[in-house]
There are 4 protein chains.
Amino acid sequence: MHGNDPLGIAVIGTGRMGADHVRRIDRVISGARVAAVADTDAERAKAVAAGIDGCTVHTDPAAAMAPPGVDAVLIASPGPAHEAALLAAFERDLPVLCEKPLTPDAASALRVVEAEQELGHRRVQVGFMRRYDAEYVRLKKLLETGQLGRPLMLHNRHRNVASSPFFTSSMLITDSVSHEVDVTRWLLGQEITAVTVHAPGSSPGAPDGLRDPQFVVLETDGGALSDVEIFVNCGFGYQVQAEIVCERGTARVGDDHHLVANVAGRWGGTITQDWTERFDQAYDDELRAWVDTTCRGEVGGPSTWDGYAAAAVCEAGVRALEEGGRVAVELAEKPALYG
Amino acid sequence: MHGNDPLGIAVIGTGRMGADHVRRIDRVISGARVAAVADTDAERAKAVAAGIDGCTVHTDPAAAMAPPGVDAVLIASPGPAHEAALLAAFERDLPVLCEKPLTPDAASALRVVEAEQELGHRRVQVGFMRRYDAEYVRLKKLLETGQLGRPLMLHNRHRNVASSPFFTSSMLITDSVSHEVDVTRWLLGQEITAVTVHAPGSSPGAPDGLRDPQFVVLETDGGALSDVEIFVNCGFGYQVQAEIVCERGTARVGDDHHLVANVAGRWGGTITQDWTERFDQAYDDELRAWVDTTCRGEVGGPSTWDGYAAAAVCEAGVRALEEGGRVAVELAEKPALYG
Amino acid sequence: MHGNDPLGIAVIGTGRMGADHVRRIDRVISGARVAAVADTDAERAKAVAAGIDGCTVHTDPAAAMAPPGVDAVLIASPGPAHEAALLAAFERDLPVLCEKPLTPDAASALRVVEAEQELGHRRVQVGFMRRYDAEYVRLKKLLETGQLGRPLMLHNRHRNVASSPFFTSSMLITDSVSHEVDVTRWLLGQEITAVTVHAPGSSPGAPDGLRDPQFVVLETDGGALSDVEIFVNCGFGYQVQAEIVCERGTARVGDDHHLVANVAGRWGGTITQDWTERFDQAYDDELRAWVDTTCRGEVGGPSTWDGYAAAAVCEAGVRALEEGGRVAVELAEKPALYG
Amino acid sequence: MHGNDPLGIAVIGTGRMGADHVRRIDRVISGARVAAVADTDAERAKAVAAGIDGCTVHTDPAAAMAPPGVDAVLIASPGPAHEAALLAAFERDLPVLCEKPLTPDAASALRVVEAEQELGHRRVQVGFMRRYDAEYVRLKKLLETGQLGRPLMLHNRHRNVASSPFFTSSMLITDSVSHEVDVTRWLLGQEITAVTVHAPGSSPGAPDGLRDPQFVVLETDGGALSDVEIFVNCGFGYQVQAEIVCERGTARVGDDHHLVANVAGRWGGTITQDWTERFDQAYDDELRAWVDTTCRGEVGGPSTWDGYAAAAVCEAGVRALEEGGRVAVELAEKPALYG
């Protein structure tokens, strides 16, 4: 970064999420510009870069990080491609915002943790964007005041209108519950030690063979419980709610009751149908926070360790779903780098 | 009343409201029985009395009060018949529960006030049943704690699905707003000194010629304002809400949000369609309170004076509607009997 | 019962709950009277009967059922005394309202089921009063419309300010969760097949040694899950909430948000502190329903079988708490008498 | 504007609001930069411009508009200085975002309307930022669907914790209610024709001599009513709420219930204390919308006419407050330029 110049960002992956981040950097967030994009689909990358001054187009992630104007990297490619892109960024010692999951499994995530340790300093912010949602932030702050006392239980609801056609039973855990895994670790400041998955009979509204809904119970090393209803074909809307139960009180976010109407014998309102509507502002704030800390030469937000821990918990969750019963989570020792 | 015997009640008027009170006394409330009924329509009275042990049937209200088992009178006949029935009860010095309005106008109401004064003690509880609704009671108690400070404004909403065919523009005030007139006087403990009626363009959903909705502003001798939205053809439900604004805070009742559902892209619930559903419990409690105080030889609840004051305010309101502008309310001097 | 005479009830047990039922029969509910009371503590029984015309006082439950004016029996003695009182009532073929639990364990409850079978007709209504709470009734009706589709999960919250000094870890299940056991069976119309108890670290607000809160997961023979947060020393209030998740929507009751205030930088209201405040009306309605059906010579409401099933589930729950893991519930075959 | 270059903005006035806009342009919004600032207090202007590349500093507004990099003007100086700044911008035919009020009175506002007419095209967006608040936008969209039918009444609440020391009774109307004046005109798409101000006794919490709260009733040329509770020393929080009542239903925004906590016998949450907290996002969105339309060579949002109409209504409101009774609003004829 050079003086007042905007932060030059290489965006790796230009699918739905990557293209949306390009839009944010180009149109919404001040102080940053898209310096390069990379996608295995060159046409898609070109289309996304069109009209952006000085944005170069690549098919190789490492090549996209090479031009002189690239100051930082945003990884939004599919999960399996994350490890290579992260290591390429580490080679150039570039700051990275890496979309979740850090990598698809605990073993590869641990390799990234180790590579960052060799680098000797934190370079990665993982895209757990719930931490940037105004309501979750409010809940976190309330907990930190101490007025509710020690957290004992966290009840989470995570509902989607309908799942993508390719969604599998284990993806309810790795793709969806992974958010609540991070929320639990972040809100409680505790590691998760075991997972139980209770799967009721599937909804007739779910595709054949999909175990949907599921009910996941997480235990923590602080003696707390966090339960998650995950229901990805609920049909009626997108809802993300959390209620924390502490020794002296409870608190809940996610009611999403912004307009109350009385009409035709009913009171109430419409339900958000999509995460882009519910969390658009959180994505803006996440990106703005990353650009700000990066411009100050700092690294903040969810760390590589957070990405690894989430991967390890989700792996245990998938085993709990498939084998039944309670599955313990085994984490590597936490490096000093992650405090 | 004789020892442990149930209170024998003569019910005057056996229309919808009277029949409902007969049912309450006979089936719901302990400690009371229907001793006599009177209605100008003898067949209707007979039908209501059928199956009630020892209940005599009359067409003359005074005659219904004469049998030896009659300990008290409940007047539920049309408003214009109230004065005569009240005076007949006074002659026998019987306790009375008189449905609202006390009488249809201020002059006749004042005559009842004077007659009760001659009697020398309170005998009448007027049927302003909002005072027995659990939520209004809660609001009253909150005000009495003083934690909100002095009341400055009261915002009322009063909505019905549809009005009866015979409803007139002035009945929005005399039949409907009269409840809020009493609520205002009771919650604030102040008399109303002036009325302004703002009438917006009528709803297409209202019958031709009916001024509906109306917006009534009441001023009190304590310097407070109470505004009332009255909308008797709102189409969507029955809603009665009140929000009081005090110097240090506000409080609201009447949200009626007992069940919250998420379905088909909407959150919320159904709206009560009818006052019997919304206030059934308040009617039970009102009647039970009257039976209890009467059995103890006491008189409580809204007084004849309250009935007179409401009549005087509503009269001023009808003038304000018809003539425009602000109309002052002139009350007679309050007799010591009413504290 | 003889013609129009009120139903004469023998009340067995005159502790807090029994005395309250005596008050309801004597003062609140029409059509019934307290004909006799029984308590091992004769003084307590005498005090409760004082001032009630013709009410006889006993120390032996069976003796209290013998006087000619006794038409029905209400059992409110401690759980271990229920079986003998029920059998005594069966001997006289009297209708019974039996407070929960039917009996303290599944074996004795099954004996009562068998005794009622020998009698050849239902005589018992068990005191699961949630079924008479207006909000739960509304939820049940909504489910019956079918608009939400098939139930998949039920999330329950059950919180008390503080537990009695003698409360034990297993009583959180047998005394408190037993309500949700019945609610689950009743709302879903399904039997419970297994129980898992997740116990987080206990709250510092709970007495030493009490496992509080607990998180109970019930599985049903219809493939549904019902989870229960039970927290009997939550400190802030009495809350009973249920959210049902169906294939096309969800519905929630128990918010208890009747008055909303803005004061001192906070919006909201007070929380009910006690079950008498929250469920007073439900108790009235339960008793009224029992008196009404009994006067018609019918039996309704929760049956002996419901009492037995709850006992069996709670027994399994206590084992799950003590031994860890999932414990299956084994029910006897359901007699035809219970439909 | 030249190709991809950011929009160069001259910010006139660097007080609290102006400085905040400088921050938004510099740090939050993409596609714009602060090219110049002007303030009569040169030191304050210098401090605000510090660290912004290429930002020139002026004491004369017209001088700040002269540099070659200035593409647009944002006026955030005190109201009495607006007219001169607007005319200076018109001379250079620059697009303007003018903070409310357009000017302090109807006569000067009308002069600006006429000057813009001479220019022959719209150049001004007035800073009525409620139109950019997500909840008001949602309410507007709901009205446009037509499902609620024609609007009949609008109930507004506008509460501040405490007023500035220099606040006068008429400023409750010109500074605060002016927002609801615009909201009423915008939501209903109607002009306001008369104003009545009901002033209850002032709150003991208000400074001596300040008429606070006030209750303002606006009538529109479409036959609708809009009432406004304005209470600038309510003590407990900042609340802006609107409930529209239409012929087939109602809708409400502004509950601001984002986090619900149970603690110490109370349920509820904290109330926003400040407009910066409540409307921060609306200000961002307003500025972003202005920059976007301006870069496209267009003008959108509230017009000079809207600014003039608000000034005329507020003038009538102040007369209604001072003289009592209903005061008619006389508007000039609306130029074709404003559709």
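The values are calculated or read from the model by the stated rules, or taken from the named source; none is laboratory data. From a predicted model like this one, the values you see are computed outputs, not experimental measurements. Positions of Cβ are generated from backbone atoms using ideal geometry, with glycine treated the same way; all protein chains shown enter the neighbour counts. When the accessible area is computed, the model is the full protein with side chains, heavy atoms only, and any ligands, DNA or RNA have been set aside. Shrake-Rupley method; radii C 1.70, N 1.55, O 1.52, S 1.80 Å.
Under the condition of being closer than 19 Å to residue C:190 by Cα and outside any helix (DSSP H, G or I), the residues counted in segment C:128-146 number 2.
Remark: pairs (first residue in segment A:299-312, over 18 Å from residue A:133 (Cβ atoms); second residue assigned to a helix (DSSP H, G or I) and among the small types (Gly, Ala, Ser); Cβ separation under 7 Å; 6+ apart in sequence or on different chains) = A:307/A:109; A:308/A:106; A:308/A:109; A:311/A:106; A:311/A:109; A:312/A:106.
When you look at residue B:222, is it open to solvent by less than 10 Å² (accessible area, probe 1.4 Å), more than 14 Å from chain A (Cβ to nearest Cβ) and modelled with pLDDT of 90 or more, yes or no? It is false that residue B:222 is open to solvent by less than 10 Å² (accessible area, probe 1.4 Å), more than 14 Å from chain A (Cβ to nearest Cβ) and modelled with pLDDT of 90 or more.
Note on segment A:313-339: residues that are among the small types (Gly, Ala, Ser) and either farther than 22 Å from residue A:118 by Cα or open to solvent by less than 10 Å² (accessible area, probe 1.4 Å) (or both) amount to 6. Picking from residues in segment A:141-192 that are of a type in the set (Asp, Glu) and more than 16 Å from the chain's Cα centre (by Cα), the one that is nearest to residue A:333 (Cα to Cα) is A:191. If you check A:152, A:139, A:187, A:143 for being within 30 Å of residue C:203 (Cα to Cα), in contact (Cβ under 8 Å) with a residue 12 or more places away in the chain and within 14 Å of chain C (Cβ to nearest Cβ), only one passes: A:152. Inside segment B:253-272, residues that are facing another protein chain (nearest Cβ under 7 Å) and in contact (Cβ under 8 Å) with a residue 40 or more places away in the chain make up a count of 1. For segment C:1-49, a residue qualifies if it is of a type in the set (Asp, Glu) and within 9 Å of chain B (Cβ to nearest Cβ), and exactly one does: C:26. Among the residues making up segment C:257-299, those that are among the small types (Gly, Ala, Ser) and open to solvent by 20 Å² or more (accessible area, probe 1.4 Å) are C:264, C:289, C:297.
Within segment D:167-213, the set of residues being under 15 Å from residue D:317 (Cβ atoms), in contact with a Phe, Trp or Tyr (Cβ under 8 Å, 6 or more places away or on another chain) and open to solvent by less than 20 Å² (accessible area, probe 1.4 Å) comprises D:182, D:183, D:197, D:198, D:212, D:213.
Scanning for something of a type outside the set (A, V, I, L, M, F, W, C), within 14 Å of residue C:231 (Cα to Cα) and at pLDDT below 95, does segment C:187-199 turn up at least one residue? Yes: one or more hits. Can you work out which of the residues in segment B:1-17 that are surrounded by fewer than 24 Cβ atoms within 10 Å (Cβ to Cβ) and in contact with a helix residue (DSSP H, G or I) (Cβ under 8 Å, 6 or more places away or on another chain) is modelled with the lowest pLDDT? Taking the candidates together, the pick is B:1. Only one of the numbered conditions (1) out of contact with any Leu (no Cβ under 7 Å at 6 or more places or on another chain); (2) more than 9 Å from every other protein chain (Cβ to nearest Cβ); (3) crowded, with 23+ Cβ neighbours inside 10 Å is not met by residue A:250, and that is (2). Being assigned to a loop (DSSP other than H, G, I, E, B) and either within 14 Å of another protein chain (Cβ to nearest Cβ) or surrounded by fewer than 21 Cβ atoms within 10 Å (Cβ to Cβ) (or both) is a property that holds for residue D:104.
Looking across D:85, D:89, D:81, one residue alone is away from every other protein chain (no Cβ under 14 Å), within 27 Å of residue D:306 (Cα to Cα), among the aliphatic types (A, V, I, L, M) and surrounded by fewer than 23 Cβ atoms within 10 Å (Cβ to Cβ). It is D:81.
What is the residue count in segment C:31-72 for residues that are open to solvent by less than 70 Å² (accessible area, probe 1.4 Å) and touching a Pro at 6+ places or on another chain (Cβ under 8 Å)? So the count comes out to 8.
When segment A:167-222 is filtered for residues that are part of a loop (DSSP other than H, G, I, E, B), aliphatic (A, V, I, L, M) and under 19 Å from residue A:327 (Cβ atoms), only A:199 remains. Starting from residues that are among the aliphatic types (A, V, I, L, M) and part of a loop (DSSP other than H, G, I, E, B), keep the ones in segment C:154-166 and report whichever is surrounded by the fewest Cβ atoms within 10 Å (Cβ to Cβ). Going through the qualifying residues, I end up with C:162. The sole residue among C:42, C:84, C:62 that is at pLDDT 95 or above and touching a strand residue (DSSP E or B) at 6+ places or on another chain (Cβ under 8 Å) is C:42. Kindly list, by first and then second residue, each pair from a residue in segment D:25-36 that is closer than 19 Å to residue A:51 by Cα to a residue that is modelled with pLDDT of 95 or more and assigned to a loop (DSSP other than H, G, I, E, B), limited to pairs with Cβ atoms under 9 Å and residues at least 6 apart or on different chains. Pairs found: D:32/D:71.
Here residue B:151 fulfils each of the conditions (1) out of contact with any Asp or Glu (no Cβ under 7 Å at 6 or more places or on another chain); (2) surrounded by fewer than 22 Cβ atoms within 10 Å (Cβ to Cβ) apart from (2). Is it the case that residue D:131 is more than 14 Å from every other protein chain (Cβ to nearest Cβ), of a type in the set (D, E, K, R), closer than 30 Å to residue A:262 by Cα and out of contact with any His (no Cβ under 8 Å at 6 or more places or on another chain)? Here the answer is yes, as residue D:131 does meet what is asked.
Looking at segment D:229-245, is at least one residue free of Cβ contacts under 8 Å to residues at least 12 places away in the same chain, more than 7 Å from every other protein chain (Cβ to nearest Cβ) and within 14 Å of residue B:248 (Cα to Cα)? No: segment D:229-245 contains no residue that is free of Cβ contacts under 8 Å to residues at least 12 places away in the same chain, more than 7 Å from every other protein chain (Cβ to nearest Cβ) and within 14 Å of residue B:248 (Cα to Cα). Could we say that residue D:308 is surrounded by fewer than 22 Cβ atoms within 10 Å (Cβ to Cβ) and among the aromatic types (Phe, Trp, Tyr) here? It is false that residue D:308 is surrounded by fewer than 22 Cβ atoms within 10 Å (Cβ to Cβ) and among the aromatic types (Phe, Trp, Tyr).
Do we have residue B:315 as within 30 Å of residue D:327 (Cβ to Cβ), of a type outside the set (A, V, I, L, M, F, W, C) and under 17 Å from the mean Cα position of the chain (by Cα) here? Taking the combined requirement at face value, the residue satisfies it.
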